[in-house]
1. Out of (1) in a strand (DSSP E or B); (2) surrounded by fewer than 17 Cβ atoms within 10 Å (Cβ to Cβ), what's the single condition that is false for residue 376?
2. Would you check if there is a residue in the range 441-454 being of a type outside the set (Asp, Glu), modelled with pLDDT under 80, surrounded by fewer than 22 Cβ atoms within 10 Å (Cβ to Cβ) and not in a helix (DSSP H, G or I)?
3. Return a yes/no flag: does the range 66-79 have any residue that is in the same structural domain as residue 174 (by TED's automatic domain parsing), part of a helix (DSSP H, G or I), surrounded by 18 or more Cβ atoms within 10 Å (Cβ to Cβ) and touching a residue at least 60 places away in the same chain (Cβ under 8 Å).
4. In this structure, is residue 350 modelled with pLDDT of 85 or more and surrounded by 15 or more Cβ atoms within 10 Å (Cβ to Cβ)?
5. From the list 386, 434, 399, pick out the single residue that is buried (at least 17 other Cβ atoms within 10 Å of the Cβ) and within 24 Å of residue 157 (Cα to Cα).
Amino acid sequence: MAAPSPKRSFIKRFTGAIGKRMQHLDNKALSLQILLGVVVVVLSSTWYNTLTEFQAEHARVTADIAEHKAAEQDLPPRTPSIVMAIGSIIADAGFLYSLLLRRRQSAKTRARIFQTALWISAFGVLVAWLPTDFAISQAELFGKGFNGEQPSQVAYAGKLILIGLFVLSFPIAAWIHFRSTLLDQYVVRNFLTPFSFCLIGFVAIWLIADLTDNAPNLVGTDMGTVLKFYVIQLPFMILFVMPVTLLLSLLYSLSQMSKSNEIITMLGAGRSMMRVLRPLFICGIYASLICLVFKYEWAPRSEGYKKAMLEQINQENAEKRRGDKKRKSLDNPWAKIAWMHVNEVDKRTWFVGRVPFDLRKREMRSLTIRQFDGEGHLVVTFRATSAKWFFGAREWRLSNGKTYTYDKDGIPRIQSWDFLTIPGWRETPWKVLSSSQNPEFLGIPGLTTYLKSNPDYDERSLAPFRTNWWYCWAEPLSCLVMVLIAAPLGIVYSRRGVLGGVAASIVIFALIYVLSGSLVAAGQGGYLPPVVAAWGTDFIFASVGAVLLWARARNRELPTPKALLNRWKLRKGRRAMA
C-alpha cells in the first residue's frame, strides 16, 4: 500500500485537531467573547466615524465663521470623539479579560470572570455613549431649544436613564443568572434557545422582504449606504417582532417541557406553577425594558429616517438618469419636500422647498417668504437658497437670494444679496416646521416637546400626538402580556392540548394586532381618549392572560369556546325553565 502524501497527512492532522477542539469548545465563553468582540468593533468603528465627521465638520464651520456664515456656537463639540476613544479602550480591556475563561476552571472562578468582563465592557459603553448623548442633547436637558422649541428636560433626562439601564442590564442579568437555582437556569436555557432562533429568523425574513421591496431603489447605491439603510431599521424591526417571538418561543419551550413531563416533575418537587414560571416572567419584563428603550426614541425615529433616506436615494437615482453625477450627502436626508407655513398674526407665508430631517446638521433650503400688509396686499418677497436661525441673537440669516419689494402698482424692485440678516421675526424653525411633524416618527422627547410647544392647538389636532405619547409606553408592555398569555397555553399534558394552545395563541395574537391598530387609529382620530386608545389592548388581554394563568395554576381546564357556548346555553335554558 502506498504511503499517504505529506499534504494529505497534514490535512488529516489539522482536521483532527479542529474536531478535538470543537469537542471541548466552551459555548458560554465563546458567546461572551463574540458579544464583547462585536461591542469592541462597533465602538471602534463609531469612534473612527465620529472623529472623521468631527474633523470635516470643524473645518467646514471654521471656514463659515471666517466668511461670517456661522457663529462660534455652531462648532461641533469635541466630547464625542474623546469619550468614544476612552470607551473603546475600556471595552477592549473587557474583551481581553474574557479571554481568561477556561473550561477547566471552577464554576465560581468562571462566574467571576464572566461577570467582571461584562461589567468592564458595560462601563466602557457607558463612558462612550452617555457623554456623547449628553453633548448632543445638553441644550434640551437645560431647557433650551436651539430651533426655538420648548424641550422637556424630564423627557431627555429619561432617555439618558434608559440608556444607562439598557447597558447595565447585561451584567445585571448575568449576576442574576449565576445566583439563581439550577432549575431556574434550566428553564431559562430551554426558553432562550428557541427565542434566539425565532428572533434571528424573523429579523432575517423582515430584511429579505424589505430588500425585495426596495431592491429597485437601492440598485446602484454603494454598500455603505445600503448597510446604513438597514442598520437604522434594527430598533424598529426588533420592536415589531419581539411580541410574536416571545409567543412562539414560550409555546415551544413550555410544550416541550410538558411533553417530557418536566413540568409535572417540577410541580411534584414542591414548586408552585407561579414559581416555575417566575424566570419567564422576568424574561418578559426584561424584553419589555428593551422594547421601551427602543420605542422611547430610536424606533420611531429610525422609521422616519428610513423613509426620508429612501426618498433621497430615489431622487439621487433620478438625477443620475438625467446625467447629473453630483452626489448628495445621506447623513441627514430631507424629511419633507415643499412645505408651507402661514403666520396669520404677522401676515407672513413661508414656502420651504426642502425640510431637513435634523435641523442641527442642515439648513432649510429653497425658501420663498412672502410678507403681506393688513389688507392682504403683497409687500415683500424673499427668495433664498438656504436659511439659518441663530438662537443667541434670535435672528434669521438668509443666504444667496433676492428681495422683491412691491410698490402700490405691484411692480417689484429687485435686490440681490449674498447674506441677509433679519432680526425680530417671531417665527423659529420649530414654529415653521413643527406642523410638518409626523407623530409616528416621534419618540417620547419629540412628542413631549411638540405638546409643550403647541398648547394652543385644538384637541382634534393634538389627538394623534397625545395617543402616540401614551402608545410609546403601552406598546413595550405587550411583551409581558404575551408571556401572560403564552405561559398557561404552553403548559399542556397531551398532544391535543399542544395544538389547541398553539391555535388559541395564534387567534389571540391576531386579535391583539387588529384591536391595537383599531384603538390607536380611533384615538388618533379623536374618537377615544388617548389613554384608553393606547392602553386598552394591553389591559384587555392582560386580564385574559391573568384568568388563564389562574386556571392553569389551580390545575383547572382552560375554558374553550365550545365549553363557554355550552355553559351559556345551559344557563339560558335554566332561565327559560324558571
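1. Of everything listed in (1) in a strand (DSSP E or B); (2) surrounded by fewer than 17 Cβ atoms within 10 Å (Cβ to Cβ), residue 376 misses just condition (1).
2. Of all residues in the range 441-454, those of a type outside the set (Asp, Glu) come to 441-454.
Now narrow it down to the ones that are modelled with pLDDT under 80: 453-454.
Adding the requirement that they be surrounded by fewer than 22 Cβ atoms within 10 Å (Cβ to Cβ) leaves 453-454.
Filter once more, so that each one left must be not in a helix (DSSP H, G or I): 454.
Looking for residues that are of a type outside the set (Asp, Glu), modelled with pLDDT under 80, surrounded by fewer than 22 Cβ atoms within 10 Å (Cβ to Cβ) and not in a helix (DSSP H, G or I), one finds at least one in the range 441-454, hence yes.
3. No, the range 66-79 contains no residue that is in the same structural domain as residue 174 (by TED's automatic domain parsing), part of a helix (DSSP H, G or I), surrounded by 18 or more Cβ atoms within 10 Å (Cβ to Cβ) and touching a residue at least 60 places away in the same chain (Cβ under 8 Å).
4. Values: modelled with pLDDT of 85 or more: yes; surrounded by 15 or more Cβ atoms within 10 Å (Cβ to Cβ): yes.
Judged against the criteria, residue 350 is a match.
5. On the way: 386 fails: within 24 Å of residue 157 (Cα to Cα); 399 fails: within 24 Å of residue 157 (Cα to Cα).
Going through 386, 434, 399 in turn, the sole match is 434.
Conditions (1) modelled with pLDDT under 90; (2) of a type outside the set (A, V, I, L, M); (3) surrounded by fewer than 23 Cβ atoms within 10 Å (Cβ to Cβ); (4) closer than 26 Å to residue 550 by Cβ, marked per residue:
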residue	(1), (2), (3), (4)
456	yes, yes, yes, no
468	no, yes, no, no
477	no, no, yes, yes
486	yes, no, no, yes
490	yes, yes, no, yes
494	yes, yes, yes, yes
497	yes, yes, yes, yes
500	yes, yes, yes, yes
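The values are calculated or read from the model by the stated rules, or taken from the named source; none is laboratory data. Values in this document were obtained by computation on a predicted structure and should not be read as measured data. Cβ: placed from backbone, ideal geometry, glycine included. Neighbour counts: every protein chain shown.
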